[in-house]
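Data block below; observations after.
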Amino acid sequence: MTVAGEMRQYQVVGRKAATDENPNPEAYRMIIFAPNPVTAKSKFWYFMRQFRKMKKTTGEILDCVEIVEKNSRIVKNYGIWLRYDSRSGTHNMYREYRDLKLTGAISQLYDEMAGRHRTRPRSIQIIRTATIGAGELKRPNGSQFAARKVRFPLPHRVSS
């Protein structure tokens, strides 16, 4: 999977295919970040194979819709819990980003993980995301912009 542009958020619902023994199997819903719906469905089956004994050949996708954020005009702080595979092993991580939309923060995450840790998008698994208030920020980079009176001085401005 390559990340071309901004990631999108999809809700994928799937289940095992109905049989005579089980005519109405249990449905599973996942929120997945992917660049397109085809990749979202593929990631759904990847996780279902890990968590449940279910493959694409024995199941079916019921629904795949893109989730769009309602209010994307206010800058928010996002906390992202993730797991990634590096050359030396599997690591858990918590990151904080400021963005207008959650999908923008996820795109920042993929770009930063590629730059800092040389991690490929296929080896990143997003565990949880949350909108975080200014008082709950843990990292100094995000908390410096969360103050009430943030100023951006222009020290090298030349008056004409």
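The values are calculated or read from the model by the stated rules, or taken from the named source; none is laboratory data. None of these values were measured; they are calculated from a predicted model. We place every Cβ from the backbone using ideal geometry, glycine too, and count neighbours over all the protein chains shown. Quick note on the areas: whole protein, heavy atoms, side chains included, nothing else; ligands and nucleic acids left out. Shrake-Rupley method; radii C 1.70, N 1.55, O 1.52, S 1.80 Å.
Any residue at all in the range 57-79 that's open to solvent by less than 40 Å² (accessible area, probe 1.4 Å) and of a type in the set (A, V, I, L, M)?
Scanning the range 57-79 turns up no residue that is open to solvent by less than 40 Å² (accessible area, probe 1.4 Å) and of a type in the set (A, V, I, L, M).
Can you tell me how many residues within the range 16-47 are under 16 Å from the mean Cα position of the chain (by Cα), under 17 Å from Ser123 (Cα atoms) and assigned to a helix (DSSP H, G or I)?
Qualifying residue count for the region: 8.
Does Gln50 satisfy being open to solvent by less than 50 Å² (accessible area, probe 1.4 Å) and either more than 22 Å from the chain's Cα centre (by Cα) or of a type outside the set (A, V, I, L, M) (or both)?
When the stated conditions are applied, Gln50 does not pass them.
If I filter the range 55-89 down to residues being of a type in the set (D, E, K, R) and assigned to a strand (DSSP E or B), which single residue comes out as farthest from Met30 (Cα to Cα)? Explain how you work it out, then say what you get.
We begin by selecting, within the range 55-89, every residue of a type in the set (D, E, K, R); these are 55-56, 60, 63, 66, 69-70, 73, 76, 83, 85, 87.
Right, trim to assigned to a strand (DSSP E or B) and you get 60, 63, 66, 76, 83, 85.
On the way: Glu60: 14, Asp63: 11, Glu66: 12, Lys76: 23, Arg83: 17, Asp85: 21 Å.
Ranking the qualifying residues of the range 55-89, first place goes to Lys76.
With the condition kept exactly as written, say whether any residue in the range 103-112 is open to solvent by 40 Å² or more (accessible area, probe 1.4 Å), of a type in the set (A, V, I, L, M), at pLDDT 90 or above and within 19 Å of Gly5 (Cα to Cα).
No, because not a single residue in the range 103-112 is open to solvent by 40 Å² or more (accessible area, probe 1.4 Å), of a type in the set (A, V, I, L, M), at pLDDT 90 or above and within 19 Å of Gly5 (Cα to Cα).
All but one of (1) at pLDDT below 95; (2) open to solvent by 50 Å² or more (accessible area, probe 1.4 Å); (3) among the aromatic types (Phe, Trp, Tyr) hold for Tyr97; which doesn't?
It is condition (2) that Tyr97 fails.
Count, please, the residues in the range 105-143 that happen to be in a loop (DSSP other than H, G, I, E, B) and not aliphatic (A, V, I, L, M).
So the answer is 6.
Take the residues of the range 131-160 that are at pLDDT 85 or above, touching a strand residue (DSSP E or B) at 6+ places or on another chain (Cβ under 9 Å) and open to solvent by 100 Å² or more (accessible area, probe 1.4 Å): which is farthest from Trp81 (Cα to Cα)?
Filtering the range 131-160 for residues that are at pLDDT 85 or above, touching a strand residue (DSSP E or B) at 6+ places or on another chain (Cβ under 9 Å) and open to solvent by 100 Å² or more (accessible area, probe 1.4 Å), the one farthest from Trp81 (Cα to Cα) comes out as Glu136.
Hey, could you check the range 80-93 for residues that are in contact (Cβ under 8 Å) with a residue 24 or more places away in the chain and open to solvent by less than 30 Å² (accessible area, probe 1.4 Å) and say which is farthest from Thr131 (Cα to Cα)?
Looking at the filtered set, the residue picked out is Tyr84.
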